[in-house]
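The values are calculated or read from the model by the stated rules, or taken from the named source; none is laboratory data. Nothing here was measured: the structure is a model prediction, and the numbers come from that model. Because the Cβ atoms are built from the backbone with ideal geometry, glycine has one as well, and the counts that use them run over all protein chains shown.
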Amino acid sequence: MSKKGFSLTSISHKYIMAAAGAFLMLFLVSHLATNLLLLAGDGGAQFDKAVEFLLTNPAIKIMEYVLFAGFIIHIIIGVVIQLHNSSSRPVGYKVALKSEASAFSRFMIHSGIIIFIFLLIHLYHFFFVKLGFFPLYAGAETGHDFYPMVAYTFKNPVYSIIYILSFIFLGFHLKHAFQSAFQSFGLNHDKYTPAIKVVGTIYAVLIAVGFSIIPLYFLFLYN
Amino acid sequence: MEFKLKIWRQKNASAKGKFEDYTLKDVSPEMSFLQMLDYLNQQIIESDGEPVHFEHDCREGICGSCGLYINGRPHGPLTHTTTCELHMREFKDNTTIVIEPWRSKAFPVIKDLVVDRSAFEKVIRAGGFVNANTGSTQDANNIPINKKISDRAFDAAVCIGCGACVAACKNSSAMLFVSAKVSQFAMLPQGKVEAKERVENMVTKMDEVGFGFCSNTYACEYDCPKGISVEFIAKMNREFFSSKVCKSKK
Amino acid sequence: MIKLDSKIPKGPLAGKWSNYKSSLRLVSPANKKKLDIIIVGTGLSGASSASALGELGYNVKVFCFQDSPRRAHSVAAQGGINAAKNYKNDGDSVYRLFHDMIKGGDFRAREANVYRAAEVSNYVIDHFTALGVPFARDYGGMLDTRSFGGVQVSRTFYAKGQTGQQCLLGTYSSLSRQIAKGTVTMYERRDMLDLVIIDGKARGIITRNLLTGEIERHSAHAVVLATGGYGTVFYLSTLALGSNASAAWAAHRKGALFANPSFIQIHPTSIPVLNDYQSKLTLMSESLRNDGRVWVPKEKDEKRHPNQIPEAERDYYLERRYPAFGNLVPRDVASRAAKERCDAGYGVGDTGLSVYLDFKDAIEKQGKKAIEDKYGNLFEMYLKITGINPYEEPMRIYPAGHYTMGGLWVDYNLMTTIPGLYSVGESNFSDHGANRLGASSLMQCSGDGYFILPYTISDYLSDEIRTPRINTDHEEFDKAEKAAKEKIDRLMAINGKQTVTSFHKRLGKILWDHCGMVRSEEGLKKGIEMIDQLEEEFWKEVKVPATAGEYNQELEKAIRVADFFEVGRLMCQDALDRNESCGAHFREEFQTEQGEAKRNDAEFAHVSAYEYQGNRQREILHKEPLVFENVELKERSYK
């Protein structure tokens, strides 16, 4: 029934958005697990091992491209939806909507943009350095020697604050995103949805807190 | 009671509208919101003005004609209440009430607070029915339907087509309206027969007539005067997925 | 001189319709496409007619004044829809439903029509179920029924308190399907202003496009009016504010006889008038009387809160007066009993014009949950409107104008006295006699539209297959359009000081006081005089703002109210002419010693059909005698 040429229905957009989002949420878990090894207090030994594994395993290599695709699709579809939706109400209300939609759900594009900016900084620091676009940090022997890089950057309080703030926004983003993905997939059930919402909130908090611990550790405990 | 009213006035669809201020005295808390507007109009007419146009008919919350955006909420501050069921006792004396029409690309303003909701008609005509001819049917009790399922279908079927879901949605999405109809029929054996075609046709039409995309904010459910659940949106997503993925090409 | 011919087929009652149906002429599929049918109104009867005729292949044009056909006031019917399915094995049958309706209507309806309505009721339930109407079911998955409004069997199918909504939306969906198929063309936001008759046959209508003010012409081979009742003549009624009599009245002016105009049902359980600005009375479904008990205090001017009044000081007057039926007596009886108590000074509330409807006992016996399941939405509605929680204290109710049994006179084919003009649903007079039984309006409307009209109109149209499409340039269209425009111009030119609504309110008050639940010769004569005066004042003093060439809600109202004066006058006239009490028509002069209605079958077992003679002219009364061959005329006793 869809029109000729490349055109997606509104629900297809939802599905793609949710699928990419769900994939990114899984990625965040593995990313966090790896990063938490930084806190092992062993000068980065275990962390380096994990990095080593990630760098050499061919499956991970492939996943890297999938990850990029996931990000790009999520971002592009997100922007497309946003543009479409803002054109769906050409004349706005004088009194802003007071409908009890959670602020998290209303400001997804905004938190999304903040996360996107952070992502660029993040890429600048790690990925482009790895690729050799930017000079190595002090103490690092190769572009893959992340531990000293992490230690160096997090010692900078400005960067750490930006980092933590970004993850708070990511938490907001995820708070809505987790259960929203279930809803988009059509998984809404009076028995399970309340639990899904709770799990989503816990997930969002764990991700935000989990990632934020790392700069705090380097800022205050590491020397 | 006394109120300051800020009301959107627009002569016709092509005119440029603006807010007008009115002061209304001697409002009784027993008045319904629409009676309050009747009262205002009476005064406007008696002083040679043009009365505020708004839609209304049954005035008991079932026809779906009325729909005003009052102080930032479709149908005003009470949940599960249409504008006609809202009473002035819900408002604080000596306050300002801002009254706007539904705002959406798919619901253009016709005059003052009246909008054109024919986009809903188009969506229903795309598939919001069971293809059963008069006289072609069997005895009503030949197909038993589980009570819970039947009751659930009823919960979806109580939609009055007022458009508050679209007005409440930051994206002007009509997913709650469409999903209620899709779900009602998809749950009942009579409607299941053509469920796949129905959901595709209705969703395609919904997109075509200019509604926005759903982003699961659930404001629609919150402001639906009949309390229709967003579970039906999930149901429609599911129906849509199975129609897209599982339907054979033939 | 018009001669009334009801065209009731010969033969035994039970076989009349099926035999007649098979003798009716048909139109071939190829010819149906060439025949146009106009349907005015999209309630249950209009939308069902339109979809059934569309399915058959006729070229149908449908009109409604709302923005969508789904808003028609059938949507507000609450209690249910009757059918003689006998699913409960409680002894129901087509005959019993027929008998209940004839008796409920106080023997003032045609046997053959009523029997047919009962007969097709079963198909209606089957069809609605097939359309996906979610009627209530029991745990085995079968359709549930309940007992409703003064009958002893459980034959009322329902969907919570929103049966009308669900039936209408089902019908609306079948109408939408035909619109999508192109067999039906939908014209929303149109008011019918006049009927066009060419060579004695109904051939078209004049409408006003409510958004642009444009006067339009539409032609067809036959016209069907499904325009509902005229209960808004009372201003305060349970009807939608837009409901009106103008389309039916236009037909009446053009020669369609109007039958039994004084038969107006006053519904006993409406939320009472709460303030002077009230624009509408909200119905609380009659089904509430299944579990609620009606009472007033035994003492006059009781000031205590109802919960403080002990059991012994309560007068459950319906149970007292009518021990056999108790709170379930028919509507007319319940309404008058409430009025009697209030007039005698026992009424409650600030105005003294209401009685209690109490659920305390039911909640104690069945639990709050059971009551909530049955009436949850009604209780919620009551709470919203009055701010009082009926789970905790009794509701206050009072009768309100509700349903008009009277309407355009139609024969067995549902055709009016104008050839080619049909009337279905509440707008005709046919099936309810002097009082309608609960849950039979949805039944009649859908039966008319889905299962009766399609047969009878085909018979008429089989003679029209050689008639080419009617040209709207015909001089009769010119004339009708001119007259419609003149009337609008006249209204716009008055430019007086008073609003249309203020006149409507005053008219409603006159009719409520003089032609309401209880009528008298003196009162009716006075009522007519007052209407005459008010009408004169209206045409001098009314103010219609803005212009006719735009969306103008005041003008819409003015056109309708202008017709209501004439409707009101005819109501009073009919009530005067009928020197008896029957059903909803209660004349003070004609009552038994116990204050019950006293029928006069010798002189008034007939339908009164009026022929228009010009405004303010005494209309000519035609009588269609009612012959009862299958039921015995008895005093209607609910004691």
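Might you let me know whether the range C:317-330 holds any residue that is surrounded by fewer than 19 Cβ atoms within 10 Å (Cβ to Cβ) and in a loop (DSSP other than H, G, I, E, B)? Looking through the range C:317-330, at least one residue is surrounded by fewer than 19 Cβ atoms within 10 Å (Cβ to Cβ) and in a loop (DSSP other than H, G, I, E, B).
Can you work out which of the residues in the range B:1-21 that are charged (D, E, K, R) and within 13 Å of chain A (Cβ to nearest Cβ) is surrounded by the fewest Cβ atoms within 10 Å (Cβ to Cβ)? Across the range B:1-21, the extreme among qualifying residues is B:Lys16. Just one of C:Lys365, C:Lys384 is without any contact (Cβ under 8 Å) to a residue 60 or more places away in the chain, closer than 19 Å to C:Leu318 by Cβ and basic (Lys, Arg); which is it? Sole residue among the options that is without any contact (Cβ under 8 Å) to a residue 60 or more places away in the chain, closer than 19 Å to C:Leu318 by Cβ and basic (Lys, Arg): C:Lys365.
Which residues, taken from the range C:239-269, are assigned to a loop (DSSP other than H, G, I, E, B) and among the polar types (S, T, N, Q)? Hits for the range C:239-269 are C:Ser243, C:Asn244, C:Asn260, C:Ser262.
Screening C:Val631 against (1) in the same structural domain as C:Thr499 (by TED's automatic domain parsing); (2) out of contact with any Cys (no Cβ under 7 Å at 6 or more places or on another chain) leaves a single unmet condition, (1).
Considering only residues in the range B:137-175 that are over 28 Å from A:Leu83 (Cβ atoms) and small (Gly, Ala, Ser), the one that is farthest from the other protein chains (Cβ to nearest Cβ) turns out to be B:Ala156. Just so you know, in the range B:65-83 the residues that are more than 20 Å from B:Phe177 (Cβ to Cβ) and not aliphatic (A, V, I, L, M) include one that is nearest to the other protein chains (Cβ to nearest Cβ), and it is B:Gly72.
Against the test of being at the interface with chain C (Cβ under 9 Å from one of its Cβ atoms), among the hydrophobic types (A, V, I, L, M, F, W, C) and surrounded by fewer than 23 Cβ atoms within 10 Å (Cβ to Cβ), the options B:Ile45, B:Ile124, B:Ile97 yield a single qualifying residue, B:Ile45. Is one or more of the residues making up the range B:209-217 outside the structural domain of B:Pro77 (by TED's automatic domain parsing) and farther than 20 Å from A:Ser184 by Cα? Yes, the range B:209-217 has at least one match. C:Glu216 satisfies every condition listed in (1) touching a helix residue (DSSP H, G or I) at 6+ places or on another chain (Cβ under 8 Å); (2) surrounded by fewer than 24 Cβ atoms within 10 Å (Cβ to Cβ) except (1). Of all residues in the range C:479-505, those that are part of a loop (DSSP other than H, G, I, E, B) have Cβ atoms under 8 Å from Cβ atoms of residues that are among the acidic types (Asp, Glu), 6 or more apart or on another chain, in C:Gly496/C:Glu541; C:Lys497/B:Glu46; C:Lys497/C:Glu541; C:Thr499/B:Glu46; C:Thr499/C:Glu554. Of the residues making up the range C:345-385, just one is within 14 Å of chain B (Cβ to nearest Cβ), farther than 19 Å from B:Arg59 by Cα and buried (at least 20 other Cβ atoms within 10 Å of the Cβ), namely C:Lys374. Residues in the range B:203-243 that are more than 10 Å from chain A (Cβ to nearest Cβ), out of contact with any Cys (no Cβ under 9 Å at 6 or more places or on another chain) and of a type in the set (A, V, I, L, M, F, W, C): B:Val209 only. Within the range C:337-347, track down each residue that is within 16 Å of C:Arg293 (Cα to Cα) and charged (D, E, K, R). Passing the criteria: only C:Arg341. Taking residues in the range C:37-65 that are more than 13 Å from chain B (Cβ to nearest Cβ) and closer than 19 Å to C:Arg208 by Cα, and partners anywhere that are among the aromatic types (Phe, Trp, Tyr) and assigned to a helix (DSSP H, G or I), not one pair has Cβ atoms closer than 7 Å while being at least 6 places apart or on different chains.
In the range A:168-190, is there at least one residue being farther than 21 Å from A:Ala18 by Cβ, β-branched (Val, Ile, Thr) and at pLDDT below 90? Spell out the reasoning first.
Start the filter on the range A:168-190 by keeping residues that are farther than 21 Å from A:Ala18 by Cβ, which leaves A:168.
From the residues that got through so far, the ones that are β-branched (Val, Ile, Thr) too are A:168.
Adding the requirement that they be at pLDDT below 90 leaves none.
The answer is no; no qualifying residue exists.
Are any residues in the range C:152-183 part of a helix (DSSP H, G or I), under 30 Å from C:Asn327 (Cβ atoms) and more than 7 Å from chain B (Cβ to nearest Cβ), and if so, which ones? Result: C:Thr163, C:Gly164, C:Cys167, C:Leu168. Per the conditions (1) in contact with a helix residue (DSSP H, G or I) (Cβ under 7 Å, 6 or more places away or on another chain); (2) more than 14 Å from chain B (Cβ to nearest Cβ); (3) closer than 30 Å to C:Asn31 by Cα; (4) not in a helix (DSSP H, G or I), the sole criterion not satisfied by C:Arg116 is (4). Screening C:Ile81 on (1) under 25 Å from C:Val333 (Cα atoms); (2) of a type outside the set (Ser, Thr, Tyr); (3) crowded, with 24+ Cβ neighbours inside 10 Å; (4) more than 14 Å from chain B (Cβ to nearest Cβ) shows it passes everything except condition (4).
What is the residue count in the range C:252-302 for residues that are more than 14 Å from chain B (Cβ to nearest Cβ) and small (Gly, Ala, Ser)?
Final tally of qualifying residues: 6.
For the range B:176-202, a tally of residues being more than 11 Å from B:Cys165 (Cα to Cα), within 17 Å of the chain's Cα centre (by Cα) and within 13 Å of chain A (Cβ to nearest Cβ) returns 4.
Any residue at all in the range A:192-213 that's small (Gly, Ala, Ser), without any contact (Cβ under 8 Å) to a residue 24 or more places away in the chain and not in a helix (DSSP H, G or I)? No, that holds for no residue. Suppose the filter is within 14 Å of chain A (Cβ to nearest Cβ) and under 21 Å from the mean Cα position of the chain (by Cα); does B:Ile62 pass it? Against the criterion (within 14 Å of chain A (Cβ to nearest Cβ) and under 21 Å from the mean Cα position of the chain (by Cα)), B:Ile62 does not qualify.
Looking at C:Phe564, C:Phe604, C:Phe586, which one is closer than 30 Å to C:Glu216 by Cα and not acidic (Asp, Glu)? Criteria check complete, one pass: C:Phe564. Note on the range C:378-437: residues that are within 21 Å of the chain's Cα centre (by Cα), of a type in the set (D, E, K, R) and outside any loop (DSSP other than H, G, I, E, B) total 1.
Within the range C:174-213, restricting attention to residues that are of a type in the set (Gly, Ala, Ser) and touching a helix residue (DSSP H, G or I) at 6+ places or on another chain (Cβ under 7 Å), which residue is farthest from C:Leu421 (Cα to Cα)? So the residue we want is C:Ala180.
Can you tell me which residue in the range C:387-401 is farthest from C:Asn435 (Cα to Cα), limited to those that are in contact (Cβ under 8 Å) with a residue 40 or more places away in the chain and in contact with a Lys or Arg (Cβ under 8 Å, 6 or more places away or on another chain)? Result: C:Pro394. Per the conditions (1) part of a loop (DSSP other than H, G, I, E, B); (2) surrounded by fewer than 22 Cβ atoms within 10 Å (Cβ to Cβ); (3) not hydrophobic (A, V, I, L, M, F, W, C), the sole criterion not satisfied by C:Asp106 is (2). Filtering C:Tyr95, C:Tyr139 for residues that are out of contact with any Ser or Thr (no Cβ under 9 Å at 6 or more places or on another chain), within 30 Å of C:His606 (Cα to Cα) and hydroxyl-bearing (Ser, Thr, Tyr) leaves a single hit, C:Tyr95.
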